[in-house]
Number of protein chains: 2
Amino acid sequence: MATQWTDHWAARTQHLKASSIRELLKLTARPEVISFAGGLPATETLPAQAIAEACDRILKTQADRALQYGPTEGYLALRGHIADMYRARGVPATADNVLITTGSQQGLDLIGRVLIGKGTPVVTEAPTYIGALQAWLVSEPAMTGIPLDDDGMRIDLIDLNQRINLLYALPNFQNPSGVSLSMERREKLVDMAHRERFVIIEDDPYRALRYSGEDLPALLEIEAARLGANWDSDGRIIHLGTFSKIMAPGLRVGWVIAPTTALRMLALAKQGADLHSAMLSQYIAEELLREGIIEGNYPLLVRIYRERRDTMLAALEEHLTGLAEWTKPQGGLFIWVKVPGVDAHDLLAKALERNLAFVPGDNFFFDGRGRDAMRLNFSCMPPDRIREGVARLGALLAEARHEPLASPAR
Amino acid sequence: MATQWTDHWAARTQHLKASSIRELLKLTARPEVISFAGGLPATETLPAQAIAEACDRILKTQADRALQYGPTEGYLALRGHIADMYRARGVPATADNVLITTGSQQGLDLIGRVLIGKGTPVVTEAPTYIGALQAWLVSEPAMTGIPLDDDGMRIDLIDLNQRINLLYALPNFQNPSGVSLSMERREKLVDMAHRERFVIIEDDPYRALRYSGEDLPALLEIEAARLGANWDSDGRIIHLGTFSKIMAPGLRVGWVIAPTTALRMLALAKQGADLHSAMLSQYIAEELLREGIIEGNYPLLVRIYRERRDTMLAALEEHLTGLAEWTKPQGGLFIWVKVPGVDAHDLLAKALERNLAFVPGDNFFFDGRGRDAMRLNFSCMPPDRIREGVARLGALLAEARHEPLASPAR
């Protein structure tokens, strides 16, 4: 008799939602597809040679530790180097404030387990990172989405009459919009969290990928500057970082920085989740960080991605003027394109027929909004394919304008 | 003002419980400690040289894929080889039935997310694997523990008048008891699951580590032999495997085999958990599996561990006769020792003073039982230290007999 698996699922599985991005990526693996869909680093930026050399050294001298079970919190030397990076920016963090995760995605998941239950009030940017939605919506929180403008999250629109448990922000080159939170709003947001006593989840995967404008301090740094020696007891920010965009995503090494009380609870949740993250990956990250190879790779990353961003912005100007509006990111990997009156899902269906892919905007909302927008990634296609892809997109949009509008019910 | 993190925790964090094993491991890292506490493979069994060579080849020829984002389900070639292993034993699995996980622990965690909610009836062996308890108790299931004898779980004691959603079993060299489920009970358990329509979670990390007796088929193989071509639609077993005990735990590569309907839901849960497991680890596992290096390492593993098991059993006979009772495992990593009238926590406190460590038995129960028992690991200490450690344990137990019993209230 056929097994009725639905009889066995827990109630929460009804909230498990596939990431259309990861489903799309399966379609876009064919080389003829111009994909603006994923958020993949350009392959040519991966420090493969340095990783191979590090791997060789590690396995010759420290194989017994790099291949053996390790601590849940992560490889101590790596945690120490990461703490050093933040100390250099004024955050009084030690290795005890650092938890190594299986990519930033696991950091988001652990935060969900520890801080989000049914009805927990959670504030996010709208649109926001799809991975946070995936990790958190299974717990059925009470979500509120705050719109963005060119200075990032409109924090003046946060309703302070309602309790907030946590607020999730990507201050730098937000995914998916590409916009950054202004310095003034950063200061105000940290004030607000302390006055209203909510927790900020600061997700910062892209900071090193700045192509124009001036580096701005993380919310964590602003808070630490105010709290000084009291940061570990009084801090309210859980900060996420990752090597995925500055070294290699396939190694799956991210980290969480938080006051020790919060960090210990996250580590406890991680024990049950996967015991610990891959040790060899952590040893590689430690070696590349210590040798300065990761930082040494920033100029290459910035040079390649700046050219691609500029190419995409110029192509949008050429092919989409009058058809759409888009953001002008100072860094990161994404541009957000609004296409009023057009259904991005219909457009994607046609685009795929012409070997072009992007992510429809509603994937980045928890309430179905965003079908008249899309996220374009510019990091993993070379400039000529970016130009060609945007030209195709422009042609599709021009055609869509001459068709009847999609019914609002869709 | 100090942050009151307890104001921010989700309700489920009260059920987050630290693994005493992982806490103990921090104490036992000093070289002078004789540790029977962990479940670590012997360092000398790790195929470090083969891994170094594989790593070198992978990073020379496939770095762009091994270092890049990969599919949530895992590296396709690895999934295919794992399916092949099971097909060779009569399970009609394809790569679509295989999900790569960040160690078996993640498999348990994903099963908890997808199949276990508040009040879900779950049956386990008692004692059982601590990692399953850690992953599942946060969801507040209705747990029932079934005692073990020398033939494994006493399946005749399963109460079939109550609904069971899933039953968790480690048929081979169970952790922590070391006992194996007899062939007769394996057949009956598979029958029972189909008759009573519950799901079996079969956790099988140790099968290759058999030192005496005859290899027995997995529950999955027994089911597949009965269902034949209907296995994918009618199967009710989710089977967990891992490279941790047969290659290297630090790489964190485990797998789940299940009918595709269940597998897809587990993969969906994994998307939110960590996107995917470390790719380099998966490429290494694929290469070592394809080259036959993993299987080629079995004789070494068996030779080393058999000697250690025999040494520990002989030392127990010499030093604990009349003081304790213990199991005689045919494989795996653990021996279970019952010490009636002695509190294993008191004993551990004294043992640590003499640089000896083990895990008190109550860690493997969800209801506080087992304080008069302990788990001894024999895989990661050389024979002379096993003899010395068991002698110390015998002396401690002899002393404990001359002391008043611990109060029953503890």
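Kindly indicate which of A:A349, A:A315 is more than 14 Å from chain B (Cβ to nearest Cβ), at pLDDT below 95 and either in a helix (DSSP H, G or I) or touching a strand residue (DSSP E or B) at 6+ places or on another chain (Cβ under 7 Å) (or both). That would be A:A349, the only listed residue that is more than 14 Å from chain B (Cβ to nearest Cβ), at pLDDT below 95 and either in a helix (DSSP H, G or I) or touching a strand residue (DSSP E or B) at 6+ places or on another chain (Cβ under 7 Å) (or both).
Checking each residue in segment B:132-146 for being surrounded by fewer than 24 Cβ atoms within 10 Å (Cβ to Cβ) and under 14 Å from the mean Cα position of the chain (by Cα) picks out only B:L133. Being more than 10 Å from chain A (Cβ to nearest Cβ) and within 20 Å of A:H276 (Cβ to Cβ) is the filter here; which residues of segment B:85-110 pass it? Of everything in segment B:85-110, those that are more than 10 Å from chain A (Cβ to nearest Cβ) and within 20 Å of A:H276 (Cβ to Cβ) turn out to be B:L99, B:I100.
Being within 30 Å of B:E140 (Cβ to Cβ), assigned to a loop (DSSP other than H, G, I, E, B) and among the small types (G, A, S) is a property that B:G341 lacks. Going by the structure shown, is A:L289 more than 14 Å from chain B (Cβ to nearest Cβ), over 22 Å from the mean Cα position of the chain (by Cα) and not small (G, A, S)? For A:L289, the condition - more than 14 Å from chain B (Cβ to nearest Cβ), over 22 Å from the mean Cα position of the chain (by Cα) and not small (G, A, S) - is not met. For segment B:64-88, the set of residues classified as closer than 19 Å to A:L25 by Cα and either part of a helix (DSSP H, G or I) or small (G, A, S) (or both) consists of B:D64, B:R65, B:A66, B:G70, B:G74, B:L76, B:A77, B:R79, listed by residue number. Scanning segment A:328-358 for residues that are open to solvent by 40 Å² or more (accessible area, probe 1.4 Å), within 23 Å of A:V302 (Cα to Cα) and not basic (K, R) yields a count of 1. Here B:K270 meets each of (1) buried (at least 24 other Cβ atoms within 10 Å of the Cβ); (2) of a type outside the set (G, A, S); (3) over 30 Å from A:T6 (Cα atoms) with one exception, condition (3).
Within segment B:281-296, the set of residues being in a helix (DSSP H, G or I) and either farther than 12 Å from B:A77 by Cα or open to solvent by less than 30 Å² (accessible area, probe 1.4 Å) (or both) comprises B:S281, B:Q282, B:Y283, B:I284, B:A285, B:E286, B:E287, B:L288, B:I293, B:I294, B:E295, B:G296.
Checking each residue in segment B:61-84 for being touching a residue at least 12 places away in the same chain (Cβ under 8 Å) and away from every other protein chain (no Cβ under 13 Å) picks out B:A77, B:L78, B:R79, B:G80, B:H81, B:I82, B:A83. With respect to the conditions (1) surrounded by fewer than 24 Cβ atoms within 10 Å (Cβ to Cβ); (2) out of contact with any strand residue (DSSP E or B) (no Cβ under 9 Å at 6 or more places or on another chain), B:A83 falls short on a single one, namely (2). The one condition from (1) in contact with a helix residue (DSSP H, G or I) (Cβ under 9 Å, 6 or more places away or on another chain); (2) among the charged types (D, E, K, R); (3) closer than 30 Å to A:A391 by Cα; (4) facing chain B (nearest Cβ under 8 Å) that A:E44 does not meet is (4). For segment B:86-113, a residue qualifies if it is of a type in the set (G, A, S), open to solvent by 10 Å² or more (accessible area, probe 1.4 Å), out of contact with any Ser or Thr (no Cβ under 9 Å at 6 or more places or on another chain) and at negative phi, and the qualifying residues are B:A88, B:A95.
Can you pull out the residues in segment A:7-29 that are without any contact (Cβ under 8 Å) to a residue 24 or more places away in the chain, under 18 Å from B:G112 (Cα atoms) and more than 9 Å from every other protein chain (Cβ to nearest Cβ)? Across segment A:7-29, the qualifying residue is only A:Q14.
In segment A:158-187, of all residues being under 19 Å from A:I237 (Cα atoms) and of a type in the set (S, T, N, Q), the one that is surrounded by the fewest Cβ atoms within 10 Å (Cβ to Cβ) corresponds to A:S182.
Of all residues in segment A:318-334, those satisfying the criterion of being outside any helix (DSSP H, G or I) and more than 12 Å from A:Q174 (Cα to Cα) are A:T321, A:G322, A:L323, A:A324, A:E325, A:W326.
Just a yes or no: is a residue in segment A:147-157 surrounded by 14 or more Cβ atoms within 10 Å (Cβ to Cβ), within 24 Å of A:E214 (Cα to Cα) and free of Cβ contacts under 8 Å to residues at least 24 places away in the same chain? Yes, there is a match, as at least one residue in segment A:147-157 is surrounded by 14 or more Cβ atoms within 10 Å (Cβ to Cβ), within 24 Å of A:E214 (Cα to Cα) and free of Cβ contacts under 8 Å to residues at least 24 places away in the same chain.
Per-residue answers, yes or no, for (1) at the interface with chain A (Cβ under 7 Å from one of its Cβ atoms); (2) assigned to a strand (DSSP E or B):
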{"residue": "B:G228", "(1), (2)": "no, no"}
{"residue": "B:W231", "(1), (2)": "no, no"}
{"residue": "B:G250", "(1), (2)": "yes, no"}
{"residue": "B:V256", "(1), (2)": "no, yes"}
{"residue": "B:L263", "(1), (2)": "no, no"}
{"residue": "B:A273", "(1), (2)": "yes, no"}
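Restricting attention to segment A:11-37, the residues that are surrounded by fewer than 21 Cβ atoms within 10 Å (Cβ to Cβ), of a type in the set (G, A, S) and not in a helix (DSSP H, G or I) total 3.
The values are calculated or read from the model by the stated rules, or taken from the named source; none is laboratory data. Note that this is a predicted model, so its numbers are computed, not measured. All Cβ positions, even for glycine, are placed from backbone atoms using ideal geometry, and neighbour counts span all protein chains on display. For the accessible areas, the whole protein counts, side chains as well, though only heavy atoms, and no ligand, DNA or RNA atoms are used. Shrake-Rupley method; radii C 1.70, N 1.55, O 1.52, S 1.80 Å.
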